[in-house]
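Below: the structure, in structure tokens.
The values are calculated or read from the model by the stated rules, or taken from the named source; none is laboratory data. Keep in mind that what you see is a predicted model, and the values were worked out from it rather than measured. Neighbour counts run over all protein chains shown; Cβ positions are idealised from the backbone, glycine included.
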Amino acid sequence: MKVTGVTIIRNAVTNDYPVVESINSVLPVVDEFIVLVGDCSDETEALIRNIGSDKIRIEHSIWDLTLRTGGTILAVETNKVLDLVSKDTDWIFYIQADEVIHEKDHASIRMAMEEFKNDDRIDGLLFQYLHFYGTYDYIGDSRKWYNVETRVIKNNPEIRSYRDAQGFRKKDGRKLNVAKIQANVHHYGWVKDPKNMKIKQKNVAGFWNNDDDSLKIFLESEDFFDYKQFDSLKKYTGTHPVFMEDRIKRKNWNVELDIKKNNLKFKYRILHFIEKWTGKRLFTFSNHKIVAKQSMV
């Protein structure tokens, strides 16, 4: 069984992406890792090279910044890196530059790959998500945060990145048939000091916003992100991936949030309650159909 990891990255240093931690967290699970580096204005490529793994292969791309509506450019770049994967690869492990896999899940992921490798029903493997917010102590638990997504896919040219590269679908728009596995993605995209968080948002705002007036207003706003603008959070009591230890030690800001009350609208309070009571998330968007679950590990 051959597994290839892939990611796309541009200006990782400027935007302080934990891309090194992200790649390192996947390397033990894959046989090779392709990093598609965009046209950067910082030392991103040197950052990747300094990882020093012979599994890593760096490729280059020029981002078409005219494809900014709805994050389309991210899907375009993701499809580029998918097309670089050799035909003898069985599974593709796609990871985004602010996502990290916990080492305790490595064995489970490999076991799921073995279990479903020859199962023609299965297009991909579905991970559960932990979205950290503000600091490494809080996670989002409302419907605002997607709770699952596909991060491992079969090496099938019919499978393409969808919309803003959050997930995948078939070329004809069909959802992927997936197996839900016992593994989490730790998402750290919303963990930075308030100033750097706002600067990073300004740097990437153009990938989603095609309204020049509203974009101009946002870019001229204060360089400070107000983390108190949340709907529902809870304390995180678990452990972080070992690959994040040094970054967590370097944290030099503090955010104290009152999470006793949430700011959900009435409709979402009801749906939030139902999800907490039943474990089911109703009326939500997804790119997949769950057709199997991983055997007990």
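Assorted remarks:
- In summary, residue 285 fulfils each of the numbered conditions (1) at pLDDT 75 or above; (2) assigned to a loop (DSSP other than H, G, I, E, B); (3) touching a Phe, Trp or Tyr at 6+ places or on another chain (Cβ under 9 Å); (4) of a type outside the set (D, E, K, R) with the single exception of condition (1).
- So residue 31, is it surrounded by fewer than 23 Cβ atoms within 10 Å (Cβ to Cβ), over 18 Å from the mean Cα position of the chain (by Cα) and under 25 Å from residue 115 (Cα atoms): yes
- Pairs where the first residue, in region 133-146, is under 12 Å from residue 187 (Cβ atoms) and the second is among the small types (Gly, Ala, Ser), C-beta under 8 Å, 6+ apart: 133/140; 140/232
- Total residues in region 1-23, condition among the small types (Gly, Ala, Ser) and either modelled with pLDDT under 95 or part of a loop (DSSP other than H, G, I, E, B) (or both): 1
- Breaking point among (1) closer than 15 Å to residue 176 by Cα; (2) surrounded by fewer than 21 Cβ atoms within 10 Å (Cβ to Cβ), for residue 92: (2)
- Residue tally, condition over 30 Å from residue 233 (Cβ atoms) and either surrounded by fewer than 16 Cβ atoms within 10 Å (Cβ to Cβ) or out of contact with any helix residue (DSSP H, G or I) (no Cβ under 7 Å at 6 or more places or on another chain) (or both), over region 106-158: 18
- Some residue of region 153-171 being of a type outside the set (S, T, N, Q) and on the phi > 0 side of the Ramachandran plot: yes
- Single residue of 75, 112, 107 found to be assigned to a helix (DSSP H, G or I), of a type in the set (Gly, Ala, Ser) and within 22 Å of residue 45 (Cα to Cα): 75
- Flag for residue 141 being at pLDDT below 95 and among the acidic types (Asp, Glu): yes
- Residue match in region 200-209 (condition: of a type in the set (Phe, Trp, Tyr), within 28 Å of residue 67 (Cα to Cα), at pLDDT below 95 and touching a helix residue (DSSP H, G or I) at 6+ places or on another chain (Cβ under 9 Å)): yes
- Members of region 167-200 that are surrounded by fewer than 21 Cβ atoms within 10 Å (Cβ to Cβ), in contact with a strand residue (DSSP E or B) (Cβ under 6 Å, 6 or more places away or on another chain) and assigned to a loop (DSSP other than H, G, I, E, B): 171
- Residue that is farthest from residue 254 (Cα to Cα), among those in region 99-137 that are within 19 Å of the chain's Cα centre (by Cα) and of a type in the set (A, V, I, L, M): 125
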